[in-house]
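Data first, discussion second: the structure below is written as structure tokens.
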Amino acid sequence: GAVVSQHPSWVICKSGTSVKIECRSLDFQATTMFWYRQFPKQSLMLMATSNEGSKATYEQGVEKDKFLINHASLTLSTLTVTSAHPEDSSFYICSAREIGSYSNQPQHFGDGTRLSIL
Amino acid sequence: DAKTTQPPSMDCAEGRAANLPCNHSTISGNEYVYWYRQIHSQGPQYIIHGLKNNETNEMASLIITEDRKSSTLILPHATLRDTAVYYCIVRVEGSSGGSNYKLTFGKGTLLTVNP
């Protein structure tokens, strides 16, 4: 089945550093990938929609300059949390939609990246 | 997209059927019902989806009422590994791509399967 891989699965870093998270579709191509954030005991919140070869679409309240998204190929999207601070600590999850699939086909999710900013 | 209402939690005995309800009374004709689950500290896992007919796959069955205002996800023989938060999501199918395919997650139902 369709597999989405995220890397790293866990990262701890100092406040002020930038962190890059990768999302790869391993056995399919994805025109569209989605980035979510999940705080403890809360549901997933969509941050942005990543489109291959074009600018990402951010949800209301998500800072574009804070969360940089690049979708340079049909199998890779990256999320960079710039100048991360403790309040950015969260569980970041990506999902991908297979190119050319029927419109009702499901998205496939990665296993998430747990980010802890000290 | 239509909103959904799910009970916050449910319990089920191992080996018994787990029936998870979802209310989506404002669903419109072109909205599909999707079910995902999230096991602790993992990404969501797709379970099943449907439009108006009942659906079954290797994981579960989806029963959608005739008026489509509610649905039930059935796990026929729950195991301890089925303990997770189950999300019911309704979504319009867009033909223009991109953000039209986004999913909006509610709070879901925490299903606890007990030995």
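Which of the following residues is touching a helix residue (DSSP H, G or I) at 6+ places or on another chain (Cβ under 9 Å) and more than 10 Å from chain A (Cβ to nearest Cβ): B:Arg37, B:Arg68, B:Arg91?
Result of the check over B:Arg37, B:Arg68, B:Arg91: B:Arg37.
Considering only the range B:73-92, how many residues are under 16 Å from B:Met10 (Cα atoms), surrounded by fewer than 16 Cβ atoms within 10 Å (Cβ to Cβ) and among the β-branched types (Val, Ile, Thr)?
1
Hey, A:Ser95 hits all of (1) under 19 Å from B:Ser41 (Cα atoms); (2) surrounded by fewer than 22 Cβ atoms within 10 Å (Cβ to Cβ) but one; which does it fall short on?
Tallying (1) under 19 Å from B:Ser41 (Cα atoms); (2) surrounded by fewer than 22 Cβ atoms within 10 Å (Cβ to Cβ), A:Ser95 fails exactly one: (2).
Given the criteria surrounded by 20 or more Cβ atoms within 10 Å (Cβ to Cβ) and in contact with a Lys or Arg (Cβ under 9 Å, 6 or more places away or on another chain), does B:Ile64 qualify?
yes
Any residue that is among the aliphatic types (A, V, I, L, M), open to solvent by less than 40 Å² (accessible area, probe 1.4 Å), over 25 Å from A:Thr31 (Cβ atoms) and at pLDDT 95 or above - is there at least one of those in the range B:10-31?
Yes, that holds for at least one residue.
Of all residues in the range B:90-115, how many are within 20 Å of A:Met47 (Cα to Cα), outside any loop (DSSP other than H, G, I, E, B) and at pLDDT 80 or above?
Adding up the residues that qualify gives 2.
Only residues that are away from chain B (no Cβ under 11 Å), under 16 Å from the mean Cα position of the chain (by Cα) and either under 17 Å from A:Thr57 (Cα atoms) or not in a strand (DSSP E or B) (or both): list them for the range A:89-118, please.
A:Ser89
Cβ-Cβ under 9 Å, sequence separation 6+ or interchain: first residue in the range B:10-23 and closer than 12 Å to B:His77 by Cβ, partner among the aromatic types (Phe, Trp, Tyr) and surrounded by 15 or more Cβ atoms within 10 Å (Cβ to Cβ). Which pairs?
The qualifying pairs are B:Ala18/B:Tyr86.
With the condition kept exactly as written, say whether any residue in the range A:29-47 is at pLDDT 95 or above, of a type in the set (Phe, Trp, Tyr) and more than 22 Å from A:Gln107 (Cα to Cα).
no
Determine which single condition B:Asn53 fails, assuming it passes every other condition in (1) of a type outside the set (A, V, I, L, M, F, W, C); (2) within 12 Å of chain A (Cβ to nearest Cβ); (3) open to solvent by 70 Å² or more (accessible area, probe 1.4 Å).
The one condition B:Asn53 does not meet is (2).
Would you confirm, using the coordinates I've provided, whether A:Ser89 is more than 24 Å from B:Tyr34 (Cβ to Cβ) and either buried (at least 17 other Cβ atoms within 10 Å of the Cβ) or touching a Leu at 6+ places or on another chain (Cβ under 8 Å) (or both)?
For A:Ser89, the condition - more than 24 Å from B:Tyr34 (Cβ to Cβ) and either buried (at least 17 other Cβ atoms within 10 Å of the Cβ) or touching a Leu at 6+ places or on another chain (Cβ under 8 Å) (or both) - is met.
Could you tell me which residue of the range A:29-68 is least open to solvent (accessible area, probe 1.4 Å), considering only residues that are in contact (Cβ under 8 Å) with a residue 24 or more places away in the chain and more than 13 Å from chain B (Cβ to nearest Cβ)?
A:Phe67
The values are calculated or read from the model by the stated rules, or taken from the named source; none is laboratory data. The structure displayed is predicted, hence computed values, not measured ones. Backbone-built Cβ (ideal geometry, glycine too); neighbour counts: all protein chains shown. Areas reflect the complete protein model, heavy atoms only, side chains present, ligands, DNA and RNA absent. Shrake-Rupley method; radii C 1.70, N 1.55, O 1.52, S 1.80 Å.
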